[in-house]
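Below is one structure, written out as structure tokens; comments come after it.
The values are calculated or read from the model by the stated rules, or taken from the named source; none is laboratory data. Because the structure is a prediction, the values reported are computed rather than measured. Quick reminder, even Gly has a Cβ in these numbers, built from the backbone with ideal geometry, and neighbours come from all protein chains shown. What goes into the accessible areas is simple: the full protein's heavy atoms, side chains included, and nothing from ligands, DNA or RNA. Shrake-Rupley method; radii C 1.70, N 1.55, O 1.52, S 1.80 Å.
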Amino acid sequence: MPQDAFTMKFIAKELEILLTGGKISRITQQSKDLLTFIIYTRKGTVKLEICLSANGCRINLTEADAPAPKVAPGFCMLLRKHLQNAEITRVGQIEDERIVYFDFDCTSEFELTKMTLYAELMGKYSNAVLVRDGVIVGALKTTAIGENTKRLLFTGAKYTPPEPQDKYSPRNMAQITHIFDNADGDRAKIISDKVKGVSFATAIEIVEKYGENLMGKDVYGYLNDENTAPCVTYADGKPSDFKVRSSYPAQRAYCTVLEAQTAYYAAVNEKKGFDDKVRKLTSALSSAIKKQEKRLAVAEQKLLDCRDMETVKLKGELITANLYALKRGTDGFEAVNYYDENGGKIKITLDRSLSPADNAQKYYRRYAKLKRTAVSVTEQKRETEERLEYLNSIQSHVRFAENLCDLAETEEELKGLGLLPAEKASKKKTEQNLPYRAYISGGMKILAGRNNVQNDRLLKSISRDDIWLHTQGYHSSHVAILCAGKPVPDEALKAAAEICAYYSDGRGGVKVPVDYTKRAFVKKPPKSNTGFVIYTDFKTVLVTPNAHDELRQEL
């Protein structure tokens, strides 16, 4: 839900109950538009976020740990100077405006001062302004003295809120009734255009509750009702918005609007973090893959150039065989190809400045060079193809990732390959293995690796008599059925094969071949790439990919 004044009214009230009497412990500014406050309250430590970006501006609680920059920005230093250890005495909202303010008692060594931090959540005009006695101490976004603007936002200027909108007050029933007595058209648009502090999203909720025939008294009653039914709405199984009240069928209820908002933005930020990580890893992989593809093309061209090396050798031999008939200064001749059963002839070009014997040696030297090149480039091509196959397998795992947990070890894998900058080693480095994807089917546990690192670890962890699965001809997760040599029910084998096919490049297919065999017949060659194995004594089943979320277990 957009942060309109209607929604902020409830958030401000809940923040006042929660934060009044709390003390500021720490202030950080993770980015140019994001401020975070650690606050000690009577109910425990609270982390408050004030996001002032054009998209997603908000005030909400969070539990996420975002790294702070090594050097704090100027506005953050200003807030630390004045608000460190300050006590929050009040949280409120400027009436019908998207502005929440925090009053502080600030204690220094010499005096007790009162200050106010205004959080203006107004899209691209969002700002944070610190004020003392009505005078601006500092602002996140300032205006220049000579700038042509209605509001002056710089140190020493008097703080004035933005000019009020030319709309009707949501508390004036007569005016709201007048709107609907004299207007036709889209009811939601009329509400958002004519009533202060009401966004189009909130207006749609009002119309959905009362219908298109709603009256002014219905709108007035909705906007002035102090009762709430906070929830997060869902679309396609994913959080789509948070609401003060909603009639949307797919929703999850919360006790407070603040809790609903916090849960919604936690999901949004996790999704954004996941998308950013996928983009980062995909970019690094795409660049590396293009480099290997270019290297492979060069190798193939070199091998193409070497395809006539046997003909070069033959020409040298034919020159040697015809030395008796050749003289210096001859620019070429036609010789009988004694390797040709039909007695065909071959034209041979000679260097007129060289003797016939030297011409033969020239052809032999060229043949030797082409042969060395062919041997060397063939090995380079093999290594490049293996590297390319390996990078494509990593790319597949990134594509199949479902959350940040799936990407954590892949990121470390890319750092180990030098495709991402490695972080400085910590003095206390603890290795924590992330859990596999786990399922239960037919009374048996099924495990699936999330990436190449987990695929290797899964192979090491299962016993010789457990069943191991992998798609045939596709990159895929390694899957294991923990049966310890016991007969595997068809139900479990089918489920494991379908899961394996789902987390593979063959996900979009209908009949995907999946090989399965005992762990005893699976071998990882020495010095092979992460996730690479060879296997024998296998059988193959054709299955339709299926995630089998209903079988998922938590490890």
Screening G74, G44 for residues that are of a type outside the set (F, W, Y) and at positive phi leaves only G44
Residues in region 235-253 that are over 21 Å from I11 (Cβ atoms) and under 25 Å from the mean Cα position of the chain (by Cα) total 4
(Q) Given the condition closer than 30 Å to N224 by Cα and in a strand (DSSP E or B), answer yes or no: does some residue in region 135-146 qualify? (A) no
Of those in region 177-215 that are among the acidic types (D, E), surrounded by fewer than 19 Cβ atoms within 10 Å (Cβ to Cβ) and under 44 Å from the mean Cα position of the chain (by Cα), the residue nearest to V244 (Cα to Cα) is E208
The residue that is nearest to E334 (Cα to Cα), considering only those in region 288-307 that are touching a residue at least 60 places away in the same chain (Cβ under 8 Å) and open to solvent by less than 80 Å² (accessible area, probe 1.4 Å), is C306
### Query
Looking at this structure, is E491 more than 26 Å from the chain's Cα centre (by Cα), exposed (fewer than 15 other Cβ atoms within 10 Å of the Cβ) and not hydroxyl-bearing (S, T, Y)?
yes
Checking A86, A72, A64 in turn, the sole residue that is loosely packed, with under 14 Cβ neighbours inside 10 Å and in contact (Cβ under 8 Å) with a residue 40 or more places away in the chain turns out to be A64
(Q) Whether any residue in region 180-197 is modelled with pLDDT of 90 or more and at positive phi is what I want to check. (A) yes
Condition set touching a Lys or Arg at 6+ places or on another chain (Cβ under 9 Å) and part of a strand (DSSP E or B), scope region 196-253, selection farthest from I179 (Cα to Cα): answer is K238
Of T540, T530, T544, T536, the only residue that is within 30 Å of L414 (Cβ to Cβ), open to solvent by 20 Å² or more (accessible area, probe 1.4 Å) and either of a type in the set (D, E) or touching a residue at least 12 places away in the same chain (Cβ under 8 Å) (or both) is T530
D340 meets each of (1) in contact with a helix residue (DSSP H, G or I) (Cβ under 7 Å, 6 or more places away or on another chain); (2) surrounded by fewer than 14 Cβ atoms within 10 Å (Cβ to Cβ) with one exception, condition (1)
* Just to be sure, is Y234 more than 16 Å from T7 (Cβ to Cβ), of a type in the set (S, T, Y) and either buried (at least 16 other Cβ atoms within 10 Å of the Cβ) or touching a strand residue (DSSP E or B) at 6+ places or on another chain (Cβ under 9 Å) (or both)? -> yes
Restricted to region 244-258 and to residues being open to solvent by less than 30 Å² (accessible area, probe 1.4 Å) and hydrophobic (A, V, I, L, M, F, W, C), the residue nearest to V198 (Cα to Cα) is V244
Exactly one of K272, K315 is open to solvent by 40 Å² or more (accessible area, probe 1.4 Å) and more than 30 Å from Q395 (Cα to Cα), and that one is K315
Selection from region 382-427 of residues over 13 Å from N529 (Cα atoms), among the small types (G, A, S) and in a helix (DSSP H, G or I) yields S396, A408
Inside region 92-122, the number of residues satisfying the requirement of being open to solvent by less than 60 Å² (accessible area, probe 1.4 Å) and either among the hydroxyl-bearing types (S, T, Y) or more than 17 Å from L35 (Cα to Cα) (or both) is 12
Scanning region 533-555 for residues that are out of contact with any Leu (no Cβ under 9 Å at 6 or more places or on another chain) and over 13 Å from L469 (Cα atoms) gives T544, P545, N546, A547, H548, D549, E550, L551, R552, Q553, E554
Of the residues in region 357-400 that are among the acidic types (D, E) and over 30 Å from R450 (Cα atoms), the one that is surrounded by the fewest Cβ atoms within 10 Å (Cβ to Cβ) is E379
### Query
Restricting attention to region 6-22, does a residue exist that is surrounded by 22 or more Cβ atoms within 10 Å (Cβ to Cβ), among the polar types (S, T, N, Q) and touching a residue at least 40 places away in the same chain (Cβ under 8 Å)?
yes
